[in-house]
Amino acid sequence: MTRRLRRLGCTMAVTGLLATALIAIDPAVASAGTPSAIGALATANHAKKACSVNSLGGTGFATSCTGNGGQPEYWCADFARWVWGHEGVSYTADLNALAASFYSYGSKHGTLTKTPAVGDAAVFNATSTSTTNIHHVAIVTAVNADGTVTVENGDFGGESGSEAHFASTSSVVRTVINATVGTKSSSEGQYLVDYVRPAGV
């Protein structure tokens, strides 16, 4: 099934979303403030929507439910910064509702990397590997032995329409991508630009 996705901070086209993926995170054994805890928190919110009750008991993720004039906004970056913020990542005040803020974070704090690890943010561009037009961000939850990476994507798979309609119908979706920076994975429909390592964990 093909879903067309549109968003300001997160734009992607997804064909044949993967229904299953290898997950290397056990939420029961992850401890706070570690990469595995970041991955576990992202995984714990799988399938939740912009205004769902999240796994910590609050509503939504950062400003996912209210950032668009009191309505849901495009929220992939909201989800990723919410996860990082609740797991003690340093300098999350440098992040905002735009996916590009994660690339800027990595540049500013020296945490850009080509080698993925659980807890990293993966940043994407819809049309090329250019770093000047980041459209989407997801959280790495597993680095797989077959050269792929499992990620949890906020604001994924929504129905076409206004920003509020798309954002309210999208959810946290798990996909498996090619781990190599510069490649385009059909599950994302975008080019993987880089990984951003969280500071302070």
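Taking all protein chains as they are arranged and a probe of 1.4 Å, the heavy atoms of K184 leave approximately 110 Å² accessible to solvent. Placing one equal scatterer on every Cα of segment 44-167 and applying the Debye formula, the log10 ratio I(q)/I(0) at q = 0.19 Å⁻¹ is -1.10. Over all distinct Cα-Cα pairs of segment 134-201, the Kirkwood formula returns a hydrodynamic radius of 13.1 Å. On a per residue basis, segment 62-201 carries 34 Å² of accessible surface, using protein heavy atoms and a 1.4 Å probe. Near T131: Cβ cut-off under 15 Å, other residues only, Lys/Arg at +1 and Asp/Glu at -1. The net charge is +1. Suppose the Debye formula is applied to equal point scatterers at every Cα of segment 108-151; what is log10 I(q)/I(0) at q = 0.13, 0.18, 0.26, 0.31 Å⁻¹? The calculated log intensity ratios at q = 0.13, 0.18, 0.26, 0.31 Å⁻¹ are -0.31, -0.59, -1.04, -1.15.
The values are calculated or read from the model by the stated rules, or taken from the named source; none is laboratory data. Note that the structure is predicted; figures quoted are calculated from it, not measured. A quick note on method: Cβ atoms are made from the backbone with ideal geometry, for glycine too, and the neighbour counts reach across all protein chains shown. In case anyone asks, the SASA skips ligands and DNA or RNA and just uses the protein heavy atoms, side chains included. Shrake-Rupley method; radii C 1.70, N 1.55, O 1.52, S 1.80 Å.
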